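Take a look at the structure below.
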Amino acid sequence: MGAEAAAAGVDETPAVELRGICKSFGPVQANREVDLAVAAGTIHGIVGENGAGKSTLMNILYGFYQPDAGRILVDGRPRRIRSPLDAIRAGIGMVHQHFMLVEPFTVLENLLLGAEGGFTLEAGIARARREIEAIERDYGLEVDLDAVVRDLPVGVQQRVEILKALFRGAHILVLDEPTGVLTPQEADHLFRILENLREQGRTVVLITHKLREIMAVTDHVSVMRGGRMVAHRRTSETSTEELAELMVGRKVLLRVEKGPARPGEPVLEVAGLEVRDDFDVPRVRDVSFTVRAGEILGIAGVAGNGQSELLEALAGIRRPSRGRILLRGRPVEDAARARARRLGHVPEDRLRMGLVRSFTAWENAILGYQRLAGYLRGGFLRRRRMIAGCVDWMERYDVRPRDPFLHAADFSGGNQQKLVLARELEHDPDLLLVGQPTRGVDIGAIEFIHRRLVAMRDAGKAILLVSVELEEVMSLADRILVMFDGRIMGEMAAEEAEERRLGLLMAGVTAEAG
Amino acid sequence: MPRITAALFAGAILFAGGLQAQEFKPAIIFDMGGKFDKSFNEAAYNGAEKFRKETGIAYLEFEVTNEAQRDQALRRMARKGADVVVAVGFAFATPLEAVAAEYPDTKFVIIDSVVEKPNIQSVVFKEHEGSFLVGMAAALASGTGKLGFIGGMDIPLIRNFAYGYEQGIEYVNPDAELFVNMTGNTPAAWNDPAKGAELAISQFDRGADVVYAAAGGTGLGVLQAAADRDKLAIGVDSNQNCIQPGHVLTSMLKRVDVAVYKAFTSARDGTWQAGTRALGLAEQGVDYAVDECNEDLLTAEMRARLEEARERIIAGELVVEDYYSTMKQ
Amino acid sequence: MAARRRLPFWADYLLLPFLNLSLAFLVSGLVVLLLGENPIAAVKLLLYGAFGFGEAVGYTLFYATNFIFTGLAVALAFHAGLFNIGGEGQAALGGLGVALAALWFGHLHPLLAIPLAVVGAALLGGIWGFIPGWLQARRGSHTVITTIMLNFVAASIMTYLLVNVIIKPGQSAPETVTFAENVWLPQLHGLLQPLGIAIGRSPLNLAFPIALLCALLVWIYVWKLRLGYELRVVGRSEPAALYAGISPATHIVLVMTIAGALAGMMALNEVLGAQHRLVLGFTGGYGFVGIAVALMGRNHPLGVVLAALLFGALYQGGAELAFDMPRINRDMIVVIQGLVILFAGALEHMFRPTLEALFVRTRPVPV
C-alpha cells in the first residue's frame, strides 16, 4: 500500500497502484519514478500542465504504452498490462478525450463492438440490451440505445463511452480531460454520473487541468509536473491556490536579459473580436487589445483556449466572425496582403503551417514571401539569390546542418524553428506574431530564440507572443494577457505578474472567485 | 484454351507459308473487338477458318488495338506479299484509301464500308433488309403490339438495323409501339450483358414481348432476360436461336463469314472483282434463321408471310429504306 | 526526427526504374516461356520492332507523343495534390476542338489554320479540366470522381456529335470528313525527306516536338516560376499554403485547366497528325495509360518523357511481336504492359529501402 494512501487515511487496498513508473520517448522523460495509489470507491483527480506526463501515465495504465520501469497493481495484485485488452480484463475502462465511436452506428451497436457474444448477432443483442438497460438504471445514464451516435450531442456521446466501459465490466474508470468538449451544463451532468458511480463502489480517475472541477468532484488529488508526481492531497484539505502553485512549480525562470520597454505607436489594434473554428464554434469571444511598437505582448493560457484561432485571425488566415483587426490603422484583409504590409508570423505548428516538410530549406526560406519583388524576375524565381539568402540566414541563426538543399523534415525541431524564425525576422516585419516559439526546442535554442525576440522589440517592432509556457511569457513579455475559453481573463504588467495569480486565471478562476 | 491452340496452329502454318513464297497468301485484319468477340469479328474469323480447313492454305492475321495500327497493319500485310487483304470493319475505310493507292497490285476487301478504288472490293450488308424480316416476325409474334430494340453503341450501323426493324414492324402492324434503347456511348457497350438484360427487362416491363438485340456480346444478356421473363428475343449476326431455346424467336443473320470466305476463294481462283457488293436478301448476305430451336415459335403461317415479303423485296416491289439515305446533307 | 534518407537523383530516376523494369521483363520472359516461345528472341523482336528501323522508331515516337501529353496532364495535376483521371475525356474534347477548328478554318493558310487547331485542342481540353478543377476548388468535389464521370460525359458528347452532327454523311463509320490538307500537321518523314534524311513512313509528326516543348514548359512552370512554387506548396500542404497567403482554389483551377489542355493536345498527334479526321474513340485508352506514365516518370517531365518512350516502345514493339510471333497475341502484349506498370509503378518501393540503405553514407548534395 502506498504511503500517500495511508496518509490520506484509507486503509483498504487501493483499486489501482502504480509504483516507480518511468517512461522515456527518446530524450524526453515523460514519466519519472511516478507513484500513485487510487483508493477503491473514490474519485481521484490528477492535475498538471500540458506535457506534465498525465496522459502518458494513463496510457501506460491502459496498455497503450509499456513502462520502461515500474509496476502496476490492480486490487493489490501485480498485473502486466500489455494492451487495452489486458486493461479491460483487469477491469479498467477508459474514456478518451476524443471519442472512439462508430458514428453511423446506433448506441447499442457501438456498445456491442468487440463484445458481440454468441454466434448469431440476434441472441447477443437481446441479452446485451437487458444488461445495458440495467446499467443505465443503476447509474442514471439515460441514453437511447437505438439512436444513431452521429445524431447525439457530445455530452451524450460521452455517456455512451462511459456505458461502454461499464458494459465491459470496468470497475475502475479513467476519464481523460472529459470536460474539454462539454458545456458547463453537460459537465455538471457528468459529475452527477461520476458521483453515482462512486456510490455504487466504482473507482474513478479524473484527469484534468481545470482546478475547479477537481475541487468540485474529487476525493483525492495528485499533482504532476515535469513528468514527476509532486504532491498528493485530500481534496478537502487543499485549495485551488495551493494546487495552482504545485502545478506551475517554483522552478528558476529562464531569465532573459532585457531592459524596460519603450512602447511607441499602436501597431495592432483588436476590438470585439470573435473567431469561430471549422465547426462554427466560437473559439475567440469578444477579445480586444493593442500591441504597440517596441513592446512584447504575451498571451498566456492553457492550450486550446482560443489562442490558435486568435493567431490565425490576426495573420489573415481565418476570417473573424465579428470585430475588427487593424494593422497600422487599416484592416487586415487576408494573409497575402497582411504580409505585404509587414506582418511576420511564426505559427504555433511549424510542421503543419510554417514549413513544407518535403521542400528544401531554401524553398522554405521564402514561404509566404514568394511574391516579393526581390525574389522574382518576370514570374521566374531567382533561385540563386534565394539560396544565397538561405545560406546567409543559416549561418547567422546557426541552423544545422548548414545545407540549403536538405529537406525541412530532415532538420531537428530546434533547427526547423530557427529556420522559420530567420525567415520571419529577416523579412523585417513591423508586427511579429509568434506562437509557441520554443515548443519542442532544446534549451540552447530557446535562449537564442528569446534573445532574438527581445532584440526585435528593442529595434522598435511590435511583438505578440502566444505561449502555453508560463515561464516563457513571464520572462519575455512586457504586458501579459491571460486567455481562457476564448476570453481575456485579465491583463497585467510583467513586473506585477505572479505565477500564482496567472495560474488561477489560466485555470479559469477569476480574481473574485479566488 | 481454344484461343491458344488456334494461335498455335495459325502460327505453325504461318511459318510454313513463309517458306513457300509462291503459294497463295491471304490476310485478314480484325477490328478492335478482337477475333473472339462472339460477334462480328468472330464471324469473319470463322469464314477465314473455313477457307483454311477446306484448302489447307494458311492466312496472315492481325488484331488492331489502336487507330494508328489500322494503317500500319494494312501496309504491313501488303508488304509481306499478301494477295488479298480483308479489313474487317468500317473503321478501316480511310486508312485503306491511302494504303490501297500505295500498293496497287494488292487486292483489298473491306467489310461494312464502301471505298472506291480499282483494287478494293467493298462488301456491305443490307442489314435493314434482314432486320425488316425479323421486324415482321416480331410484330406477328407479339401479343401486346409492343416491341423492343436494344442496340450496342449508338452508331449509324446500328441505327440501320433499327430502321429496317421498325419498317418491318410497321409493315405488319402500323399501330405497334417500338421502344428503342442503346446500351452506351463507349465500345464497352458491345460487351455489357448485364446492362443488356436490364434494358430488356425495362422494355418487358413496359409491355414489350419481343426484343431485338443488335448489340454484340451485350445481346446475350437480352436473350437471358427473355428466358427469365418468359418473353421472346431476336438474336443477331450469327444464329443465336439455340442459346436460349424457346425464347429466341429467330436471329438476323449477317453472313460476314461467307463474305470473308468468298473474298479468299475468289481471289484464289481469279474471279475476284473490285467494286461494291451489297449483300442483301437476294444475295443471301442477310437472312433470318430457322432451326429446331425455333420451329415452334416461328409458325408456318408466319414463315409464309416472311417468305412472301422476301420475294417482294427481292423483286423490288417492296423497298426497304436504309438509314444512310435518311442522313442529311 | 526520423530523417528519411533520400537517393541521389540518378539513382532515383534512372537506377531504380531500371531495376524495376528489368524485373518486369524477367517475369514477362517467364510468361513467354510458358507460352512456348523463346523469351530472348521475343525481347529481341520487341526491341527490334520498337527501335530497329526507321519506321519502327517513327511509330514508337508517335505513340510516345500521346503518352507525353497524357502523362504530363496527370503529373502536373499531381503537383497540386490532385489525381487527374480525366485524361481520356480531356483528350476526346481536345479532339473535338481540333476537328471543329480544322473544319471551320481548314481553308486558311497552314500557318494560320494549324495554330488555330492547336488552340482548339488546348481550349476544349482545358475546359474539360477546368470543370473538375472548379468543382474541387469551390465545392470540394473530389477530382478522382469528377474526372472519371466527365470521361463518360465526354464519351457521350463525342458519340452524339459524331453520329448525328459532324459525321461525314452517308457512311456507317462515325467519323468526320477528312480535313483539308492545309491543316494537317506535317509528318516528319515528309519534312526530313528534302533534307536527304530517310526515315520510314510513320505517322510521327510535328506533335512530337510540340510534346517535348510542353514537357519543357511544364518543367519551367513547376520548378522555375513563382506560380509553380505556389502550386507545389498547395500540393504538399494546404495549411502551409493558407499560411503563406496562397489561395489553393486558384491554383487548383489553374492547374486542372492546364492539365486538361495538355491532355487535349494529344489530339494534335492523333487527329491532326495521323488520322486527319475525327474518329470516334481515337483516344484509345491513352488517357488512362498516362496515369501509369506519370507514376513511372515520378511526375517529373523528364521522367514522363522517358516513361512515354518506354510505353511507346512497348506499343510498337508489341505490335511487331504480335505480327511475327503469333503465339504472343495482343492479350500477351497487354500482360507485359501490365507487368511493367505493376513493377515500375505500383511496386516501385520494392527496391527502394535496399537502395537507400546502400546510399546512406554516400549522399551527395542533390542539384
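Report yes if A:Asp334 is of a type in the set (D, E, K, R), over 19 Å from A:Ser467 (Cα atoms) and modelled with pLDDT under 90, otherwise no.
For A:Asp334, the condition - of a type in the set (D, E, K, R), over 19 Å from A:Ser467 (Cα atoms) and modelled with pLDDT under 90 - is not met.
In the range B:172-212, what count of residues is obtained for those that are within 14 Å of another protein chain (Cβ to nearest Cβ) and without any contact (Cβ under 8 Å) to a residue 24 or more places away in the chain?
Here the count works out to 1.
Is one or more of the residues making up the range B:10-18 surrounded by 14 or more Cβ atoms within 10 Å (Cβ to Cβ), within 22 Å of B:Ser238 (Cβ to Cβ), within 11 Å of another protein chain (Cβ to nearest Cβ) and at pLDDT below 50?
yes
May I ask you to say which residue of B:Gln284, B:Gln273 is out of contact with any Pro (no Cβ under 6 Å at 6 or more places or on another chain), free of Cβ contacts under 8 Å to residues at least 60 places away in the same chain and more than 14 Å from chain C (Cβ to nearest Cβ)?
The match here is B:Gln284.
Given the criterion part of a loop (DSSP other than H, G, I, E, B) and not charged (D, E, K, R), identify the matching residue among C:Asn182, C:Asn84, C:Asn151.
C:Asn84
Check the range B:126-143 and report whether any residue there is within 30 Å of B:Ala197 (Cβ to Cβ), in contact with a Phe, Trp or Tyr (Cβ under 7 Å, 6 or more places away or on another chain) and of a type in the set (Ser, Thr, Tyr).
The answer is yes, given that some residue of the range B:126-143 is within 30 Å of B:Ala197 (Cβ to Cβ), in contact with a Phe, Trp or Tyr (Cβ under 7 Å, 6 or more places away or on another chain) and of a type in the set (Ser, Thr, Tyr).
Scan the range A:388-407 for residues that are away from chain C (no Cβ under 14 Å), surrounded by fewer than 17 Cβ atoms within 10 Å (Cβ to Cβ) and aromatic (Phe, Trp, Tyr) and report the count.
Qualifying residue count for the region: 0.
Return a yes/no flag: does the range B:99-122 have any residue that is more than 22 Å from the chain's Cα centre (by Cα), charged (D, E, K, R) and within 14 Å of another protein chain (Cβ to nearest Cβ).
Checked the range B:99-122: at least one residue is more than 22 Å from the chain's Cα centre (by Cα), charged (D, E, K, R) and within 14 Å of another protein chain (Cβ to nearest Cβ).
Looking at the range A:315-338 only, could you name the residues that are facing chain C (nearest Cβ under 9 Å) and either buried (at least 24 other Cβ atoms within 10 Å of the Cβ) or aliphatic (A, V, I, L, M) (or both)?
Within the range A:315-338, A:Ala315, A:Gly316, A:Ile317, A:Ala335, A:Ala336, A:Ala338 qualify.
Provide a single number: the residues in the range B:306-329 that are assigned to a loop (DSSP other than H, G, I, E, B) and either in contact with a His (Cβ under 6 Å, 6 or more places away or on another chain) or within 14 Å of another protein chain (Cβ to nearest Cβ) (or both).
6
Looking at C:Ser141, C:Ser172, which one is more than 10 Å from chain B (Cβ to nearest Cβ), among the polar types (S, T, N, Q) and not in a helix (DSSP H, G or I)?
It is C:Ser141.
Give the range B:149-166 a look and list any residue that's more than 14 Å from the chain's Cα centre (by Cα) and under 15 Å from B:Ser251 (Cβ atoms), or say none.
Matches in the range B:149-166: B:Phe149, B:Ile150, B:Gly164, B:Tyr165.
Inspect the range C:317-327 for any residue being closer than 22 Å to C:Leu213 by Cβ, among the basic types (Lys, Arg), within 14 Å of another protein chain (Cβ to nearest Cβ) and in contact (Cβ under 8 Å) with a residue 60 or more places away in the chain and give the result as yes or no.
no
Within the range A:267-293, count every residue that is outside any loop (DSSP other than H, G, I, E, B) and without any contact (Cβ under 8 Å) to a residue 40 or more places away in the chain.
1
Scan the range A:112-131 and tell me whether some residue there is within 23 Å of A:Asn196 (Cβ to Cβ), of a type outside the set (Ser, Thr, Tyr), surrounded by 18 or more Cβ atoms within 10 Å (Cβ to Cβ) and modelled with pLDDT of 85 or more.
So far as the range A:112-131 goes, no, none of its residues is within 23 Å of A:Asn196 (Cβ to Cβ), of a type outside the set (Ser, Thr, Tyr), surrounded by 18 or more Cβ atoms within 10 Å (Cβ to Cβ) and modelled with pLDDT of 85 or more.
What are the pairs, 6+ residues apart or on separate chains, where a residue within the range B:65-94 that is more than 9 Å from every other protein chain (Cβ to nearest Cβ) and touching a residue at least 12 places away in the same chain (Cβ under 8 Å) has its Cβ under 8 Å from a residue that is among the β-branched types (Val, Ile, Thr) and part of a helix (DSSP H, G or I)?
B:Leu74/B:Val99; B:Ala78/B:Val99; B:Val86/B:Val260; B:Val88/B:Val256; B:Val88/B:Val260
Determine whether the range C:284-301 contains at least one residue that is closer than 21 Å to A:Thr360 by Cβ, in a helix (DSSP H, G or I) and away from chain A (no Cβ under 14 Å).
Yes, the range C:284-301 has at least one match.
Name every residue in the range B:138-171 that is within 14 Å of chain C (Cβ to nearest Cβ) and under 26 Å from B:Ala300 (Cβ atoms), in order of residue number.
B:Gly164
Only one of (1) under 22 Å from C:Leu100 (Cβ atoms); (2) free of Cβ contacts under 8 Å to residues at least 60 places away in the same chain; (3) not basic (Lys, Arg) fails for C:Leu185. Which number is that?
(2)
If you scan the range A:146-182, which residues turn out to be in a loop (DSSP other than H, G, I, E, B), under 20 Å from the mean Cα position of the chain (by Cα) and of a type outside the set (A, V, I, L, M)?
A:Glu177, A:Pro178, A:Thr179, A:Gly180, listed by residue number.
When A:Glu312 is evaluated against the numbered criteria (1) outside any strand (DSSP E or B); (2) over 28 Å from A:His407 (Cβ atoms), which criterion, by number, is the only one it fails?
Just one mismatch for A:Glu312, condition (2).
Taking the options A:Val10, A:Val34, name whichever one is within 25 Å of A:Arg192 (Cβ to Cβ) and either at pLDDT below 65 or part of a strand (DSSP E or B) (or both).
A:Val10
Collect the residues in the range C:203-218 that are more than 8 Å from every other protein chain (Cβ to nearest Cβ) and in contact (Cβ under 8 Å) with a residue 12 or more places away in the chain, keeping them in residue-number order.
Once the filter is applied, which keeps residues that are more than 8 Å from every other protein chain (Cβ to nearest Cβ) and in contact (Cβ under 8 Å) with a residue 12 or more places away in the chain, the range C:203-218 yields C:Leu204, C:Asn205, C:Leu206, C:Ala207, C:Phe208, C:Ile210, C:Ala211, C:Leu212, C:Cys214, C:Ala215, C:Leu216, C:Val218.
Which one of A:Asp485, A:Asp410 is surrounded by fewer than 23 Cβ atoms within 10 Å (Cβ to Cβ), acidic (Asp, Glu) and not assigned by TED's automatic domain parsing to the domain that holds A:Ser288?
A:Asp410 is the lone residue from the list that is surrounded by fewer than 23 Cβ atoms within 10 Å (Cβ to Cβ), acidic (Asp, Glu) and not assigned by TED's automatic domain parsing to the domain that holds A:Ser288.
If only one of A:Arg439, A:Arg451 is more than 10 Å from every other protein chain (Cβ to nearest Cβ) and outside any helix (DSSP H, G or I), which one is it?
Being more than 10 Å from every other protein chain (Cβ to nearest Cβ) and outside any helix (DSSP H, G or I) holds for just one of A:Arg439, A:Arg451, which is A:Arg439.
Can you tell me which residue in the range C:219-269 is nearest to the other protein chains (Cβ to nearest Cβ), limited to those that are hydroxyl-bearing (Ser, Thr, Tyr) and closer than 27 Å to C:Leu116 by Cβ?
C:Tyr221
The values are calculated or read from the model by the stated rules, or taken from the named source; none is laboratory data. What you see is a predicted model; the values in this text were computed from it and never measured. Note that each Cβ is placed from the backbone with ideal geometry, even for glycine, and that neighbours are counted across all protein chains shown.
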